[in-house]
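Working notes, structure below.
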Amino acid sequence: TESTMSSNFKSVCRRARSIAVTNNALNVRSFSTATTAQSTPKTGVVMLNMGGPSNPADTQKFLHRLFSDSEIITLGGGYKQKLFADFVSKRRAPKVQQQYEHIGGSPIGHYTNLQGAQMCDILDRISSATAPHK
């Protein structure tokens, strides 16, 4: 229903704001295919990801924020959520950090920027009247 869709959209927006506040490495790209005519509808593209540590040394902090999020793992928030996040992030961080070091850090920022650039290219091709998109 429309009410459920609206509620789900609001939840996604709340989650995006939460990510923006907690993740220092947030990359934001905006796209628009709107023309100057008021009657032409605007088009927007929102690209979201779960993020990753800025560098391997930030792995435990990243995992702690991830497991503290009651919208990702539902434990009712509060003390139980914090206890769980503390335990799992401390236990998992050494292995995950080693994996990030092995591959040269988290690739998520690179691929997010690559997808955004390719999206701009696609929008430029299919809607050249409103190019360039950025």
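The values are calculated or read from the model by the stated rules, or taken from the named source; none is laboratory data. Keep in mind that what you see is a predicted model, and the values were worked out from it rather than measured. Positions of Cβ are generated from backbone atoms using ideal geometry, with glycine treated the same way; all protein chains shown enter the neighbour counts. The area values use the complete protein model at the heavy-atom level, side chains included, leaving out ligands, DNA and RNA. Shrake-Rupley method; radii C 1.70, N 1.55, O 1.52, S 1.80 Å.
Points to keep in mind about this one:
- Those residues of segment 46-74 which are in a loop (DSSP other than H, G, I, E, B), open to solvent by 60 Å² or more (accessible area, probe 1.4 Å) and of a type outside the set (D, E, K, R), in sequence order: Val46, Met47, Leu48, Met50, Ser54, Asn55, Ile72, Thr74
- Matching residues, segment 75-90, being closer than 23 Å to Asn55 by Cα and loosely packed, with under 12 Cβ neighbours inside 10 Å: Phe87
- Residue match in segment 79-99 (condition: under 22 Å from the mean Cα position of the chain (by Cα) and in contact (Cβ under 8 Å) with a residue 60 or more places away in the chain): no
- Condition check for Glu2: open to solvent by 90 Å² or more (accessible area, probe 1.4 Å) and either modelled with pLDDT of 55 or more or among the aromatic types (Phe, Trp, Tyr) (or both): no
- Meets criteria (over 20 Å from Gly51 (Cβ atoms) and either surrounded by fewer than 16 Cβ atoms within 10 Å (Cβ to Cβ) or touching a residue at least 40 places away in the same chain (Cβ under 8 Å) (or both)) for Tyr111: no
- Checked against (1) part of a helix (DSSP H, G or I); (2) within 15 Å of the chain's Cα centre (by Cα), His102 passes all but a single condition, namely (2).
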